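Here is the structure we will look at, set down as structure tokens.
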Amino acid sequence: MDRQWMYTDRRSKEFIDGVHYFLRVAEANRQRGFICCPCNKCKNQKEYSASRTIHFHLFESGFMPSYNCWTSHGEQCVEMEEDEVEDDNIPDFAQYVGFEGNQTGEEEIAANGNDVANDLGQMLQDAREDCESEKEAHNLDKMLEDHRTSLYPGCEQGHKKLDTTLELLQWKAKNGVIDKAFGDLLKLFKNNSSGGETNCPRQREVDGQLTKKRIPAKVMWYFPIIPRLRRLFRNKGNARMLRWHAEELPQDGMLGHPSDVSQWRNIDRKFKEFGKDARNIRFGLSTDGMNPFGEMSSGHSTWPVTMCINNLPPWLCMKRKYIMMPIIIQGPKQPGNDIDVYLRPLVEDLKQLWKKEGVPVWDEDKQEEFNLRALLFVTINDWPALSNLSGQSNKGYKACIHCMDETESTYLKHCRKVIYMGHRRFLAANHPVRKKGKHFEHKADHRTKPKHRNGKTVFAIVKDLKVVFGKGPGSQPIESEDGHAAMWKKNSIFWELPYWEFLDVRHAIDVMHLTKNLCVNLLGFLGVYGKSKDTLEARNDLKHMEQHGDLHPEPKEKGSHYLSPASYTLSKAEKESMFECLESIKVPSGYSTNIKRIISTKEKKFTNLKSHDCHVLMTQLLPVVIRGILPDNVRATITKLCAFMNAISQKVIDLDRLEALQNEVVQCLVSFELIFPPSFFNIMTHLLCHLVKEIRILGPMYLHNMFPFERYMGVLKRYVRNRARPEASIAKGYGTEEVIEFCVEFIEDLRPIGVPESRHEGRLRGKGTLGRKAIMTVDNNLFRKANFTVLQHSSLVAPYIEEHLALVRARNIGKSDAWITRHHIDTFPAWLRQHLMGNESINQQLAFLARGPSGSITTFQGYEINGYTFYTRAQDMKSTNQNSAVRVDAMGHDGTTATYYGAIEDIWELDYGPLKVPLFRCQWVRLTGGDVMIDDSGMTTVDLNKVGYADEPFVLANDVTQVFFVKDMSSKGKKGRGPDEPKRQVVLPGKRKIVGVEDKTDEDYDQLDGQPPFTVTIDPSILLSNEDTPYSRSDHKEGTIVRRKYVRSTVTADVMP
């Protein structure tokens, strides 16, 4: 037989057709379900169940030499003579199954001729071809049979056994149902079913109890990441989303995704082959200890290692579905510096994924096999875990991971801790405070900021470090330097990754924990959280350092000391003002926790602050509640810092703003050095000056902080059913959810567990939620105004509005503009209806609008639209939330655009036939007479008692933005001299989060609307440096008498003995 085509050019049509013919013959002569691969590498020594694998090998390597007679594929070893004719009686290709390399355009048929038209059946068929043992093949055949079998005889709904089983398992995983309860439920189904038997795989597992094993001394669980990546690409939607950063990300010059920043682009430039394929993965890795029992009485510490995928869109990359957990490290003790031992299998997989050949993966979206590669882009951890992963000591004198050996630190003798100051060197070179030494030991500071150390520089430092891990006698840690802890504890295992030294920032600062630490520290010095941090030890350190002479402790009788009020010390009246404001705050639904739950009005202190509470305080509320208290420059500094925290927390950041943000945060830190004692400056406070640098290199902060990973650990805790083996429970629960999630992706009607449905799903265009009521009779004047509002905002009606207005002016010459406007509003709807009556050429929607709304009006007490939840003012009075305040940008009669603020009185829905139009009837605040003002700190304040625009109360619900009002305590009169209640309210923006809801992909949907709630344009460091004593205050004399560490009483200077 002439088979010269086997050794011709593999790109030729002759070779392609010949391979197809060979595969048909091989399929017809399978041995035990497998086919020998005759490629030049396998040489018939390896067998595969999938013909597409052999197809790929043959095109990659060609046939093995001299294999003209296909003896391993059913042919007898007889050579054909030259004049013999090849037998044309070869069975047609359509009789053979499972060949996925079909390039003929013919329709593929499933095994045994069964239809597997839907995605789940196709997935099972593909898995059947890939299996490498008869046992696996038998199990998949059974699953395919269940996929084709009705749930019960005569099931008219079309339910199949396998689909129903998967739906039940998804329900079990989603709701955390224990095995026993699930087993009892299946038995109940079994006993009540007509057949009396169930084929559920889970039931068979529950019935067959696992054999108990002895508990080993130490266990870790590893879930390989390569199979997980293959599963991701087997779903069309996931495969497409993994390319989103290259194909759909807006190229607007803003920072909204890690692919917008320098580290991502540097990788693409340095490793061009890697960057060429947008499907190559960039991972983020996080690890932290957690108590799996969720109780404070237990010291058990389990360490899950989790990974996210930065290729995905921002609204998906941190979702539970796309967070992987490759490793669980068993407790009860944390791994500490030895974590590298447990990371070994993960690092080996990462090395394999970095190789040029990568790993073969099938892309379901592009319908092709490609070589997938991946790298570890950054690690995201809290401060202690960052030290364990990086190998750098982040305690002691060289704790800063950016400044390294240039860290400026001082040990405080009395507080017994190291602090980090000297932030003047981060100021601009020509900044005036650099030259002023009045409050800085009379010294100027012309040093440059610490230089950036790239990966190569750091690797040169650590490459020769030798550490023997473990805590036994054989361990060898790094020795101390000069009695101080060494800056490096080990050579991290991540340096084995070939690309690690080319990353500018390898370990990100966690802003979640930084914000909480900063907030607690600041509130502690203000004396409104826990024990005051303004202690005798802090003041003694001032005395020891010969700084802030007015604040040195004054000895009194019986060993007590008097601490005079510092510039940050709140008087009793100021605390009352602050907590009166806090107690009155009601925020919109979904904004934050109820503020009343985190304060104690009696003790005038915050309590039980969570990380998100601190985030809301530092980015929104704190500048508002300190209005009217503290010295002006101290208040301005705190407000400026909060404005900085607000700016870096945004989903999209303007690249051109980063330099200004860096200057602002350094100004705040220098100002704090003039206000607070040295004990204020822990390492978290110092790290503020490096956040902008990390944004520039890694992207927006919300994509590399611990919030999503902490939430995911909450999910893992719920997997714990057996308290004796918490890690095993987590491993089992995680594995079960992984399997179910993968299968559910092939069933259209089931929603993934890990991407929860937003409460705004299906409601972005408007949906009444509370107090629905139909009204037939309403005030006719209000009804006309509501109808006119709808017509006024329709682009179809706009030309007729101009026509009617011109007609009214022409017929009423000499009338005032106000009269013309009122007459126009009253008569326009009737004129439009008469004008368009009988005109069949107009747009159908315009015809409905001209005809007018139904006389039956639907009213609501609550309404959801555009990702906001709105209430009427009456409903707000009964709620713990404030959802009635709104803002709208509208054009006035003079043609200028202005921002109006008001509160919702009624919610109407007008019925124009097929059109339902929601409107809000609001009470608006006047813009004139100073009733709406923007002050020096950029805050908008309004006087809700000064109302106006009663002739135009309605606004389309689709046009409004939600805000909420907070008491402006600075507008409250002094005791006995003014009103008890503040006259004005501060306006703060609400927020919505609907990116990813109903296919919304515009980043603007995920932003706080409008301008930042506050901004400080002045440089407080200059103003404070010009003061004689910026660290003390003289407007009140309420100091504190302390004895040892404990506060005994608060007195005024006038009554001291």
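Within segment 868-886, is even one residue over 21 Å from Ser592 (Cβ atoms), among the aliphatic types (A, V, I, L, M) and either touching a Lys or Arg at 6+ places or on another chain (Cβ under 7 Å) or modelled with pLDDT under 90 (or both)?
Scanning segment 868-886 turns up no residue that is over 21 Å from Ser592 (Cβ atoms), among the aliphatic types (A, V, I, L, M) and either touching a Lys or Arg at 6+ places or on another chain (Cβ under 7 Å) or modelled with pLDDT under 90 (or both).
Quick check on segment 603-610. Is at least one of its residues in a helix (DSSP H, G or I) and in contact with a helix residue (DSSP H, G or I) (Cβ under 8 Å, 6 or more places away or on another chain)?
Looking only at segment 603-610, we keep the residues that are in a helix (DSSP H, G or I), and these are none.
No, segment 603-610 has no match at all.
May I ask you to list the residues in segment 842-865 that are among the hydrophobic types (A, V, I, L, M, F, W, C), modelled with pLDDT under 85 and within 44 Å of the chain's Cα centre (by Cα)?
Answer for segment 842-865, where residues must be among the hydrophobic types (A, V, I, L, M, F, W, C), modelled with pLDDT under 85 and within 44 Å of the chain's Cα centre (by Cα): there is none.
If you scan segment 349-365, which residues turn out to be assigned to a loop (DSSP other than H, G, I, E, B) and surrounded by 15 or more Cβ atoms within 10 Å (Cβ to Cβ)? So that I can check it myself, show each step before the final result.
Of the residues in segment 349-365, the ones assigned to a loop (DSSP other than H, G, I, E, B) are 355-358, 364-365.
The answer is Gly358, Glu364, Asp365.
Within the set of pairs 6 or more residues apart or between chains, which connect a residue that is over 16 Å from Thr940 (Cβ atoms) and touching a residue at least 60 places away in the same chain (Cβ under 8 Å) inside segment 894-918 to a residue that is surrounded by fewer than 21 Cβ atoms within 10 Å (Cβ to Cβ) and among the aromatic types (Phe, Trp, Tyr) with Cβ atoms less than 6 Å apart?
Sorted first by the residue in segment 894-918, then by its partner, the pairs are Tyr912/Phe848; Gly913/Phe848; Leu915/Phe848.
Would you pick out the residues in segment 651-707 that are out of contact with any Asp or Glu (no Cβ under 7 Å at 6 or more places or on another chain) and of a type in the set (Gly, Ala, Ser)? Lay out the reasoning, then the answer.
Here is the first cut: in segment 651-707, the residues out of contact with any Asp or Glu (no Cβ under 7 Å at 6 or more places or on another chain) are 653-666, 668-676, 680-696, 698, 700-704, 707.
Ala660, Ser671, listed by residue number.
Yes/no matrix, rows are residues, columns are (1) under 22 Å from Asn958 (Cα atoms); (2) loosely packed, with under 13 Cβ neighbours inside 10 Å; (3) assigned by TED's automatic domain parsing to the domain that holds Phe954:
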residue: Leu805; (1), (2), (3): no, no, yes
residue: Ile813; (1), (2), (3): no, yes, yes
residue: Asp826; (1), (2), (3): no, no, yes
residue: Arg833; (1), (2), (3): no, no, yes
residue: Ala847; (1), (2), (3): yes, no, yes
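Out of Glu554, Glu603, Glu580, which single residue is out of contact with any Lys or Arg (no Cβ under 7 Å at 6 or more places or on another chain), in contact (Cβ under 8 Å) with a residue 12 or more places away in the chain and either surrounded by fewer than 18 Cβ atoms within 10 Å (Cβ to Cβ) or farther than 30 Å from Leu691 by Cα (or both)? Walk me through it before giving the result.
Details: Glu554 fails: in contact (Cβ under 8 Å) with a residue 12 or more places away in the chain; Glu603 fails: in contact (Cβ under 8 Å) with a residue 12 or more places away in the chain.
Result of the check over Glu554, Glu603, Glu580: Glu580.
Do you know which residues across segment 683-739 are among the hydroxyl-bearing types (Ser, Thr, Tyr) and part of a helix (DSSP H, G or I)? Show your work before the answer.
The initial filter retains those residues of segment 683-739 that are among the hydroxyl-bearing types (Ser, Thr, Tyr), namely 685, 702, 712, 719, 729, 734, 736.
Within segment 683-739, Thr685, Tyr702, Tyr712, Ser729, Tyr734, Thr736 meet the criteria.
Among the numbered criteria (1) touching a strand residue (DSSP E or B) at 6+ places or on another chain (Cβ under 9 Å); (2) buried (at least 18 other Cβ atoms within 10 Å of the Cβ), which one does Met545 miss?
(2)
Pick from Met296, Met318, Met307: which is within 25 Å of Trp383 (Cβ to Cβ) and at pLDDT 90 or above? Explain how you work it out, then say what you get.
On the way: Met296 fails: at pLDDT 90 or above; Met318 fails: at pLDDT 90 or above.
Result of the check over Met296, Met318, Met307: Met307.
Looking at segment 396-411, is at least one residue assigned to a strand (DSSP E or B) and closer than 30 Å to Gly237 by Cα?
Residues of segment 396-411 that are assigned to a strand (DSSP E or B), as a first pass: 409-411.
After this cut, where a residue has to be closer than 30 Å to Gly237 by Cα as well, the list is none.
Within segment 396-411, none of the residues are assigned to a strand (DSSP E or B) and closer than 30 Å to Gly237 by Cα.
If you take the residues of segment 235-265 that are acidic (Asp, Glu) and in contact (Cβ under 8 Å) with a residue 40 or more places away in the chain, which of them is farthest from Asp504 (Cα to Cα)?
Let us first name the residues in segment 235-265 that are acidic (Asp, Glu), namely 247-248, 252, 260.
Checking which are in contact (Cβ under 8 Å) with a residue 40 or more places away in the chain leaves us with 248, 260.
On the way: Glu248: 26, Asp260: 15 Å.
Step by step, filter segment 235-265, then rank; the result is Glu248.
When you scan segment 696-711, how many residues do you find that are more than 11 Å from the chain's Cα centre (by Cα) and either assigned by TED's automatic domain parsing to the domain that holds Lys172 or crowded, with 22+ Cβ neighbours inside 10 Å (or both)?
Here the count works out to 2.
Residue-wise test of (1) touching a His at 6+ places or on another chain (Cβ under 6 Å); (2) in a strand (DSSP E or B); (3) in contact (Cβ under 8 Å) with a residue 12 or more places away in the chain.
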site: Lys815; (1), (2), (3): no, no, no
site: Arg822; (1), (2), (3): no, no, yes
site: Asp826; (1), (2), (3): no, no, yes
site: Leu832; (1), (2), (3): no, no, yes
site: Ala850; (1), (2), (3): no, no, yes
site: Gln875; (1), (2), (3): no, no, yes
site: Arg887; (1), (2), (3): no, yes, yes
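Keeping to segment 651-675, report how many residues are assigned to a loop (DSSP other than H, G, I, E, B) and in contact with a strand residue (DSSP E or B) (Cβ under 8 Å, 6 or more places away or on another chain).
Adding up the residues that qualify gives 1.
Considering segment 289-334 alone, what residues qualify as being out of contact with any Leu (no Cβ under 9 Å at 6 or more places or on another chain), buried (at least 22 other Cβ atoms within 10 Å of the Cβ) and assigned to a loop (DSSP other than H, G, I, E, B)?
Gln330 - this is the single residue of segment 289-334 that is out of contact with any Leu (no Cβ under 9 Å at 6 or more places or on another chain), buried (at least 22 other Cβ atoms within 10 Å of the Cβ) and assigned to a loop (DSSP other than H, G, I, E, B).
The values are calculated or read from the model by the stated rules, or taken from the named source; none is laboratory data. Please read these numbers as outputs of a predicted model, since none were measured by experiment. Here Cβ is always computed from backbone atoms with ideal geometry, including for glycine, and neighbour counts include all displayed protein chains.
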